[in-house]
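Data block below; observations after.
The numbers here are math on the coordinates, done by the rules we state, and not lab data. The structure presented is a predicted model; accordingly, all values stated were derived computationally and were not measured. In this analysis, Cβ positions are derived from the backbone assuming ideal geometry, glycine residues included, and neighbour counts consider all displayed protein chains.
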Amino acid sequence: MILNNPLPFIGVDIGGSHITAAHVDSSAYHVLEDSLKRQRVAPKETAAIILNSWVEGISPLLAGFPAGQIKIGIAMPGPFDYQNGIALFKGVQKYDALYGIDIGDALSRDLNVPLENIIFINDAEAFLRGELAAGAASAVKKAIGITLGTGLGSASNCKGAPMDVNRAALPFLDQNAEEYISTRWFLKRYRELTGFDIKNVEELLNVAEPVIKNQIFDEFAINLGSFINDFIADEDPELLVIGGNIARTWDHFMPKLEQLIVNKKVIIRQTEMWENAALVGAACVWINQ
């Protein structure tokens, strides 16, 4: 494997049930596909089992490189103390066993990589960084990004550097935004309308009657439109990029969503990089230093 930069920049994306890691080309901001490693993680297991899965996901990328040269950027969901590398997961149905653990120190020890060569950033921020570097937002200066999946991620660079803005926690209807704009809302709404359970949005597309499917996606578009209108009003971006697994159902919600967006000057684009955005975005923290 040949890297355009002698330093091995490694991007890592930790999701609710998986870890993905890859080398990132530092000149073209893209993932070296033959280096990509992905494996499942059991998020409700013990801390030792979870950490071992993460180590197994990253360690193959270290072979052949001096430990002191390796730079690892890790896109991590919240709640997490990104500056100090401390897990704060609690009551979020994933990684609760890691609460209070110094993840940076643990990975440094188990991977034999200097602690100062490991950096953590929010996964939504990493997504936006990747799209700004080499994806759907690469041609603009001011962008916001959202990730639609098991959770709701949000990031913006409109007030300076890209940063997580955590709009998922804002009050929305009778709860917070994430309860209405995430996979679990789809599952809950389908159960309310049919009395049946489904595992994910993909299954909804496969089994739902057309009238139910259309109703659910129209309601989702209304919720998402309200959320996005407020986000745009606060940040004044040129472009919004949307990623996450729910973005793969684009054709089912986008026509109605476009009608609901108030500021028609803002360009709305689907992610171009998908999972690679977070990998590139996490590595970009090192590449741009």
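Assorted remarks:
- Between Asn84 and Trp250, the C-beta separation translates, for a Förster distance of 41 Å, into a calculated FRET efficiency of about 0.65.
- Less than 5 angstrom separates the built amide H of Gln270 from those of Ile242, all sequence-distant by 5 or more or on a different chain.
- Local electrostatic count at Val165 - Lys and Arg +1, Asp and Glu -1, tallied over other residues with Cβ under 12 Å: -3
- Extending 7 Å from the Cα toward the beta-carbon at both Ala63 and Asp96 defines two label points whose distance is 3.8 nm.
- DSSP bridge analysis restricted to the chain gives an antiparallel fraction near 55%, rounded to the nearest 5.
- Trypsin sites (Lys or Arg not before Pro) within segment 192-289, DSSP loop, no more than 13 other Cβ atoms inside 10 Å: Lys199, Lys264, Lys265
- When the Gaussian network model of the chain links Cα atoms closer than 10 Å, the mean-square fluctuations of Ile58, Ile103, Ile49 top out at Ile49.
- Average projection area in nm² (convex hull over Cα atoms of the chain, one quarter of hull surface): 15.0 nm²
- Extension gain, Leu115 to Trp274, is 54.4 nm, computed as 0.36 nm per intervening residue step minus the present C-alpha separation.
- Helical mean residue ellipticity (222 nm; -39500 (n - 2.57) per DSSP H run of 4+; nearest 500) of the chain: -11000 deg cm²/dmol
- Descending principal axes extents, segment 240-289, alpha-carbon based, whole Å: 40, 23, 11
- Length available on full extension from Leu205 to Ser226: 0.36 nm per residue minus the Cα-Cα distance, which gives 5.2 nm.
- Backbone phi angles across segment 265-274, fed through the Karplus curve with coefficients 6.51, -1.76 and 1.60 (θ = phi - 60°), yield HN-Hα couplings of 6, 6, 6, 10, 10, 6, 3, 9, 9, 6 Hz in residue order; Gly and Pro are listed as x.
- Across segment 203-208, coupling constants 3J(HN,Hα) worked out from phi with the 6.51/-1.76/1.60 Karplus curve, θ = phi - 60°, read 5, 4, 4, 7, 10, 6 Hz, and Gly and Pro carry x.
- Between amide H atoms placed 1.01 Å from N, distances below 5 Å from His30 occur with Asp25, all of them 5 or more places distant or on a separate chain.
- Net +/- balance of residues flanking Glu258 in space, Cβ distance below 14 Å, scoring K and R +1, D and E -1: +2
- Euclidean distance of C-alpha centroids, segment 267-289 and segment 1-76, integer Å: 15 Å
- Residue-wise HN-Hα coupling along segment 173-184, computed from phi with Karplus coefficients 6.51, -1.76, 1.60 (Hz; x: Gly, Pro): 6, 9, 9, 10, 4, 5, 5, 10, 9, 6, 4, 5
- Between segment 231-250 and segment 138-175, the alpha-carbon centres lie 8 Å apart.
- Cβ-defined net charge surrounding Ala247, 13 Å radius [Lys, Arg +1; Asp, Glu -1]: -3
- GNM flexibility winner over the chain from Leu170, Leu88, Leu61 (Cα, springs under 10 Å): Leu170
- Residues of type aspartates and glutamates that Lys188 reaches as a straight line, Cα spacing below 18 Å, ignoring anything fewer than 8 places off in the same chain: Asp174, Glu178, Glu179, Asp197, Glu202, Glu203, Glu209, Asp218, Glu219
- Segment 179-282 gives an Rg/Rh value of 0.99, both radii derived from C-alpha positions and Rh following Kirkwood.
- Amide proton proximity set for Gly15, modelled H, under 5 Å, gap of 5+: Thr20
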